[in-house]
Amino acid sequence: MDEQAIIDGLKTICYCKGIPKKVFLRHIAAGASTVEDLKALTGAGSGACLGRRCTSRIEDLLKKS
Ligand code: FES
C-alpha cells in the first residue's frame, strides 16, 4: 500500500463517530454491500446527525468499490 492510499484511508467518513474510510473499505472487502450493512458493522449513522452527513459518503464508497 502506498503512502497516498494510507492517507486516503485515514479520511473521516462518519464525523460524529470518527470512523475513517479504511474501516468501511475493510468491511466492503469482506462482503458488506449495502449502506445498512456498513452502518450496522461500524456504528456510522448513529451519531448526533443520525447519518445526515455520512450516508451519502458511504453510498459513494459502495459505488466506487
Ligand atoms: S456523521 Fe455519521 S452519524 Fe453523523
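Laboratory data are not the source of any read-out in this text; all were calculated from the coordinates shown. No experiment lies behind these values; they were computed from the predicted model shown. Reconstructed Cβ throughout: ideal geometry from the backbone, glycine too, with neighbour counts over all protein chains shown.
Things to note:
- Yes/no for Lys39 being within 10 Å of the ligand (Cβ to nearest atom), within 11 Å of the chain's Cα centre (by Cα) and part of a loop (DSSP other than H, G, I, E, B): no
- Within region 42-65, considering residues that are part of a loop (DSSP other than H, G, I, E, B) and among the hydroxyl-bearing types (Ser, Thr, Tyr), the one farthest from the ligand (Cβ to nearest atom): Ser65
- Search result, residues across region 1-21 that are of a type in the set (D, E, K, R), within 16 Å of the ligand (Cβ to nearest atom) and within 15 Å of Asp60 (Cα to Cα): Lys11, Lys21
- A Cβ distance below 8 Å, combined with a sequence gap of six or more or placement on separate chains, defines the contacts here; from region 45-65, residues that are farther than 12 Å from Ile13 by Cα reach residues that are of a type in the set (Val, Ile, Thr) in the pairs Leu62/Ile28; Leu62/Thr34; Leu62/Val35; Ser65/Ile28.
- Leading residue by the ranking (surrounded by the most Cβ atoms within 10 Å (Cβ to Cβ)) among those in region 10-35 that are in contact with a strand residue (DSSP E or B) (Cβ under 7 Å, 6 or more places away or on another chain) and in a loop (DSSP other than H, G, I, E, B): Gly18
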